[in-house]
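Quick note: the coordinates plus some simple rules give every number you see, no bench work behind them. The model shown is predicted, which means the values in this text are computed figures rather than measured ones. No Cβ is skipped: glycine too gets one built from the backbone with ideal geometry, and neighbour counts run over all protein chains shown.
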Amino acid sequence: MARCIMSPLDITVEELESLMDTAMDIMGNPDKYAHACEGKILATLFYEPSTRTRLSFEAAMLKLGGKTLGFHSADSSSATKGETVADTIRVMSQFADICAMRHPKEGAALVAAEKSGIPVINAGDGGHQHPTQTLTDLMTIKALKGNFENLTVGMCGDLKFGRTVHSLIKALVRYANVKFIFISPKELMIPSYIRDDLLIQNNIAFREVTKLEDVLPSLDILYMTRVQRERFFNEEDYVRLKDFYILDKKKMDLASQHMLVLHPLPRVNEISSEIDGDPRAVYFEQVRYGMYIRMALILKLLNVNV
Ligand code: NCD
C-alpha cells in the first residue's frame, strides 16, 4: 500500500522537523525545486467545498513543476451516480501519482487509502481530522515562535466540530509542557475522544473556559475557528452560537505583545477585520506557509529527492 496521511500522527516528530526544513529551503530557493515533480500528477478529489486547501495543494504541485486534475464538488463527480469512494480512488490511481481528498464523512479518506495504489492525503474528513492544516499551523508556529515546547495554546470557537482543532491538539501533545486552554460555549466543547482519551489519559494540562477575555493575557498562541455551520443539526443553534466570540481591537489590547493569532480560515465574524493589520495577526502568513509545507509533503510522499 502506498504511504497515506490520514492523521497528523502519521508523521513522526522527526519527519515533521525534516518537512519543515525542506519547506524553509523551498521558500529560500524556489528555483531549485521548480522542476522536481515534472511529469507527476496530483489529483484533488474534493467532495466538500474548499478554497484554500484545494488551491494550496494545486499551487504546491504546480510550483514543483507537476500537473493537477480533479473535481471540486461531489455534484461534479460520479458520486452523483452512486459511485463509491473506493471505486473512485481505484480509478484515480490509474490517472495520478498522488491525491488529496476531502469528504464530509469521517473516515472517508481512510476507505480510499485502503483501496488506493497511490499516496492519499486526507484534506479533511468531516469533523474528524485535517493533517495538512496541522502541518500549516505547526510550520507557522515554528517559523514565528521558534519551537513548540512550553507554549500555552488557546483554542477558541467551535471545538466540537472543528477538525483543524482536533488534529492540532493531537500533534501538539507530542511536545514537552504544552498547555491548552479551550475556549468555547458549552455546546461546542472538545469531543470526549480528545478530552478523555487523549488529554486526560496522557496527563496533558488543559482548562476549559467560556470567556475569552479572562484567559487572553496568558496565551502564547490564540487559534481562532469559525462555527462549523455545515455540521450543525439545526440552523437555530448555529444562529445562536455563530457570534459567540468576536476578536476585536479591544480584546487584543488584553493579550501579550508576543501572542500570535492563527486561524485556519475561512473567517466569518469571529475575527474583526480591524485587527488584520496587527503584527500578531498572522493568519494570512499562515496560508503561505501552508503551501510550502504541502510542497515538502508531496516531495516526501513521491520519494523525490532534490
Ligand atoms: C478548515 C477546514 O476545512 O476544516 N479550512 C481549511 O482547510 N483551511 C477550517 C474551516 O473550514 O473552518
Enumerate the calculated ³J(HN,Hα) couplings along the stretch 162-169 in order (Karplus 6.51 cos²θ - 1.76 cosθ + 1.60, θ = phi - 60°), each rounded to whole Hz, writing x wherever the residue is Gly or Pro.
x, 5, 5, 5, 4, 5, 5, 4
Order the peptides 218-227, 173-182, 275-284, 106-115 from the highest to the lowest mean number of other Cβ atoms within 10 Å of their residues.
218-227, 106-115, 173-182, 275-284
Going residue by residue through the stretch 221-227, the Karplus relation 6.51 cos²θ - 1.76 cosθ + 1.60 with θ = phi - 60° gives ³J(HN,Hα) values, rounded to whole Hz and with x marking Gly or Pro, of 10, 10, 9, 8, 9, 7, 6
Counting pairs of alpha carbon atoms under 8 Å apart in space and at least six apart in sequence, what relative contact order in percent does the stretch 132-286 give?
25
How far is helix 13-28 tilted, in degrees, relative to the longest principal axis of the Cα atoms in the chain, given as a value from 0 to 90 rounded to the nearest 10?
80
Just add up the charged neighbours of H103: K/R +1, D/E -1, any other residue whose Cβ is under 12 Å from the Cβ of H103.
0
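Can you show me the helix-derived [θ] at 222 nm for the chain, built from DSSP H runs with n ≥ 4 at -39,500 (n - 2.57) apiece and divided by the number of residues, rounded to the nearest 500. Don't skip to the end; give the middle numbers.
Numbers: 11 runs with 110 residues, N = 306.
Result for the chain: -10500 deg cm²/dmol, rounded to the nearest 500.
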Under 29 Å Cα-Cα from K32, which lysines qualify once same-chain neighbours fewer than 8 residues away are excluded?
K40, K63, K67, K142, K145, K300
Cβ-based net charge around D278, under 13 Å, with every Lys or Arg adding one and every Asp or Glu removing one
-1
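Which whole-number percentage describes the relative contact order of the chain, with Cα contacts under 8 Å and a sequence gap of 6 or more?
Details: 585 pairs, mean separation 61.6, N = 306.
Once divided by the residue count of the chain, the mean separation gives 20 percent.
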Treat the stretch 1-53 as a sphere of radius equal to its Kirkwood radius over Cα pairs and apply Stokes-Einstein at 10 °C in a medium of 1.306 mPa s; give the translational diffusion coefficient in µm²/s, rounded to a whole number.
113
State, to one decimal in nm, how far the label point of E106 lies from the label point of E14, with both points 7 Å from Cα in the Cβ direction.
3.2
Report the extension gain between E236 and R280 in nm, rounded to one decimal, defined as 0.36 nm multiplied by the number of residues separating them, less their alpha carbon distance.
12.5 nm
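How high is the relative contact order of the stretch 235-294, in percent, counting Cα pairs under 8 Å that sit 6 or more residues apart?
Once divided by the residue count of the stretch 235-294, the mean separation gives 38 percent.
Determine, for F161, F95, the number of other Cβ atoms within 10 Å of each Cβ, and report the residues in order from fewest to most.
F95, F161
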Over the C-alpha atoms of the chain, what are the Rg and the largest Cα-to-Cα span, Dmax, in Å?
19.0, 55
Below 9 angstrom from the Cβ of H263, what's the summed charge of the other residues (Lys, Arg +1; Asp, Glu -1)?
+1
Give the Rg (one decimal place) followed by the Dmax (whole number) of the stretch 132-286, computed from C-alpha coordinates and expressed in Å.
14.5, 42
Tell me which lysines have Cα within less than 19 Å of K105's Cα, excluding those fewer than 8 residues away on the same chain?
K81, K115, K160
Qualifying GluC sites (Glu not before Pro) for the stretch 134-232 [loop in DSSP, other Cβ within 10 Å: at most 13]
E149
With label points set 7 Å from each Cα along the Cα-to-Cβ direction at N305 and N269, the distance between them in nm comes to 5.5
By how many degrees, 0 to 90 and rounded to 10, does the Cα axis of helix 85-95 deviate from the longest principal axis of the chain?
50
Helix 131-145 sits at what angle to the longest principal axis of the chain, using alpha carbons and giving 0 to 90 degrees rounded to 10?
60
Output ³J(HN,Hα) for the stretch 285-290: one whole-Hz value per residue in order, computed from phi by the Karplus curve 6.51 cos²θ - 1.76 cosθ + 1.60 with θ = phi - 60°, and x for Gly and Pro.
4, 4, 4, 5, 4, x
